[in-house]
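Quick one: structure below, then a few questions.
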Amino acid sequence: MFREDDAYKNKLKKLEPKEADRRLQAKLTAAVSRFEVSERLRVTTFRQLPPERPWVDALDPARVATILESFLVEEVPANAPDYDLLARLGADTVVEFVIQDYGMRSDDGRAGAYMKGYARMFKINGRSELWRRPFQVDRVAEGAEHLDPFKVGKDPSLFRREITAMLDALSEQFAQELSPKDRKGSVVPEVGGEPDGVNRAGRELPQPTPPPEPTLAPGELPDPDP
């Protein structure tokens with residue numbers, strides 16, 4: 001983020017933008033992991049689906065995670081999960097949510113959270129897609145309120161709250177698309193599936209010798225402006 005926007009150059013002072021980005025990334029990851037992001041999207045979407053087939057026939061997520069060996073996955077795996085294994089549990093349709101990237105970005109000194117990925121529903125046999133929805137949420141592009149990265153560095157929960165709000169809005173949209181009002185059972189198959197970022201007034205005084213700049217603690221960003 002800091003490498004792409006030089007508006008923070010004076011604030012960073014001697015701290016290299018690359019190192020500032022590394023420290024901020026560590027703060028964001030600690031605030032909310034990739035697994036937590038994808039899991040909240042899945043859970044919140046599923047809770048808003050109507051209590052009818054096929055959703056009432058959905059497999060237990062723990063059983064799905066066990067057979068796919070996908071517990072606590074933090075990174076996008078090199079190989080896609082072997083969804084054919086789910087057929088052993090009686091499933092023939094999968095609802096998948098993929099978070100490809102999330103974090104913070106900045107443009108001309110205005111920062112915000114972003115997230116992109118896709119959701120889809122597909123048949124296990126043949127992988128034919130029944131529904132797909134790519135998504136990209138960008139608070140900077142939306143003109144949302146500035147999310148100060150230095151405040152986030154001191155309080156990463158600010159980033160977590162922003163991501164949570166974005167996920168909840170996406171979940172509502174997905175739930176509506178997966179349960180259209182005019183659906184009569186043919187749009188969604190009736191089978192088990194896995195729903196799955198000093199001035200001073202007065203007289204002039206001699207300029208004192210400036211004190212040495214404080215040293216940043218390891219892993220920390222500069223303090224936000226008061």
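Whole number in Å², please: accessible area per residue of the range 85-158, 1.4 Å probe, ligands, DNA and RNA not counted. Don't skip to the end; give the middle numbers.
Details: 3530 Å² over 74 residues.
That works out to 48 Å² per residue.
For labels at residue 101 and residue 6 in the simple 7 Å Cα→Cβ model, what's the distance in nm?
Result: 2.2 nm between the two label points.
Which listed residue (102, 35, 54) has the Cα farthest towards the positive end of the charge dipole for the range 1-124, taking +1 on Lys and Arg C-beta and -1 on Asp and Glu C-beta about the Cα centre?
102
Ok, one more. Check the straight Cα-Cα distances from residue 154 and name the lysines below 20 Å, setting aside those fewer than 8 residues away within the same chain.
9, 11, 13, 14, 18, 27
Continuing with the same structure: Residue 136 to residue 169: extension gain in nm, 0.36 nm per residue of separation minus the Cα-Cα distance? Intermediate results must be reported in sequence, preceding the final value.
Values: separation 33, 0.36 × 33 = 11.88 nm, distance 1.21 nm.
Net length gain for the segment: 10.7 nm.
I've got another one for you. Say a paramagnetic label sat at a point 7 Å from the Cα of residue 65, along Cα to Cβ; which residues of the range 88-113 have their backbone N under 17 Å from it?
Only 95-99 pass the distance filter.
Something else about it: As an exercise, identify the GluC sites (Glu not before Pro) in the range 122-187 lying in DSSP coil whose Cβ has no more than 13 other Cβ atoms within 10 Å.
Filter output for the range 122-187: 145.
Hey, another quick one. Between the DSSP loop rule and a limit of at most 16 other Cβ atoms within 10 Å, which GluC sites (Glu not before Pro) in the range 8-62 are left? Show your work: numbers first, answer last.
Working: sites: 19, 36, 39, 52; in loops: 52.
Qualifying residues, ordered by number: 52.
The values are calculated or read from the model by the stated rules, or taken from the named source; none is laboratory data. Since we're looking at a predicted model, the values are computed, not measured. Using ideal geometry, Cβ is built from the backbone for each residue, glycine included, and neighbour counts are taken over all protein chains shown. Accessible surface areas use protein heavy atoms only, side chains included; no ligands, DNA or RNA. Shrake-Rupley method; radii C 1.70, N 1.55, O 1.52, S 1.80 Å.
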